[in-house]
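The values are calculated or read from the model by the stated rules, or taken from the named source; none is laboratory data. Bear in mind the structure is a predicted one, so any value in this text is a computation, not a measurement. All Cβ positions, glycine included, derive from the backbone under ideal geometry; neighbour counts span all protein chains shown.
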Amino acid sequence: MLTSSPTRVRSLSRFSGFSLRTGRGRLILLLLALLAVALAFWINEHRTLTWKQAINPIYWYHRLRGEDLYDPQTAFLMHGNRALPEVALTFDDGPHIESRARILDILQSNHVHATFFDVGRRMDENPALVRRTLAEGNEIGNHSYWHNRLDSLSPRDRHREINDTDIAFYRITGRHLTLLRPPGMRYNPTVLADIHALGYTVVGYTTASRDFDPTETADFIVNRTLNRVENGSIILLHDYPETAVALPRIIAGLRARGYRFVTISEMLAHLPDRRRRAAERYANQIN
Ligand SMILES: [Zn+2]
């Protein structure tokens with residue numbers, strides 16, 4: 001049997017030239033630790049999964065079966081097709097008078113269509129921006145009327161938050177909304193069931209650019225977005241002035257990486273066959 005005696009350990013460390021007792025040994029250890037920290041930073045900056053997903057076996061089980069893209073039970077779009085080099089730009093919380101027109105100008109001059117999750121009360125304030133957004137080939141989804149967290153409301157108030165937004169949109173456009181993103185992505189099974197009963201497709205996101213944080217610069221927003229994108233990413237941006245500053249570089253950077261831009265409806269229509277058929281069945285049943 002092999003036992004390691006103190007003599008043996010000593011002779012081994014002498015052989016490899018590595019010992020924690022020497023200054024050189026400590027230096028090597030320090031360098032390795034720094035390297036590990038740098039690697040962790042790099043992985044964190046370039047990750048396309050949350051850490052929670054990465055270590056969750058249930059997530060990987062669903063992902064291997066292609067169930068991480070769209071859930072037919074709740075009509076929830078979580079991710080686009082991983083086999084297609086396409087991404088969806090989504091802008092929440094508008095239409096803001098200070099930024100929507102600039103964002104639309106940039107999208108138009110770059111021949112890009114995006115999806116806007118608008119708040120009902122701002123639709124009422126800026127109906128012309130709602131009309132222009134649609135006229136230029138973009139999509140609009142429901143983001144509640146007052147931006148209240150849907151899971152903190154009574155069923156009656158929740159219903160009102162969602163329906164008042166649709167009424168505002170209908171008054172302006174003569175059309176109904178079919179996509180919905182819950183404010184703050186706050187939901188629970190009851191909220192999802194209520195949204196489903198109203199006929200909406202719920203839209204999540206995969207890439208948060210952190211443009212909601214007023215301390216972040218346009219440079220940060222650009223880098224964060226470009227680093228964390230993959231095939232089928234749904235990119236969460238906001239209808240804010242700083243996002244408009246970052247947007248031309250985000251579009252150019254994504255194009256340079258070979259991505260094309262799709263709306264959420266196009267992303268749903270491009271899902272792998274089984275998911276796409278389920279999404280179509282739901283949409284047809286509603287309309
Ligand atoms: Zn929001």
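Observations
- 1 or more residues out of contact with any His (no Cβ under 8 Å at 6 or more places or on another chain) and closer than 17 Å to residue 234 by Cβ: qualifying helices (runs of 4 or more DSSP H) within the stretch 19-83: 51-54, 57-64
- Sole residue being crowded, with 16+ Cβ neighbours inside 10 Å, more than 14 Å from the ligand (Cβ to nearest atom) and either free of Cβ contacts under 8 Å to residues at least 60 places away in the same chain or part of a strand (DSSP E or B) (or both), chosen from 102, 158: 158
- In the stretch 255-265, residue farthest from the chain's Cα centre (by Cα) [restricted to those that are in a helix (DSSP H, G or I) and farther than 12 Å from residue 77 by Cα]: 256
- Residue within the stretch 96-112 that is at pLDDT 95 or above, closer than 14 Å to residue 237 by Cα and under 17 Å from the mean Cα position of the chain (by Cα) present: no
- Here is the figure for the stretch 191-213: residues that are free of Cβ contacts under 8 Å to residues at least 12 places away in the same chain and more than 15 Å from the ligand (Cβ to nearest atom) total 1.
- Checking 49, 84 one by one, the residue that is closer than 17 Å to residue 230 by Cα, free of Cβ contacts under 8 Å to residues at least 12 places away in the same chain and under 19 Å from the mean Cα position of the chain (by Cα) is 49 and no other.
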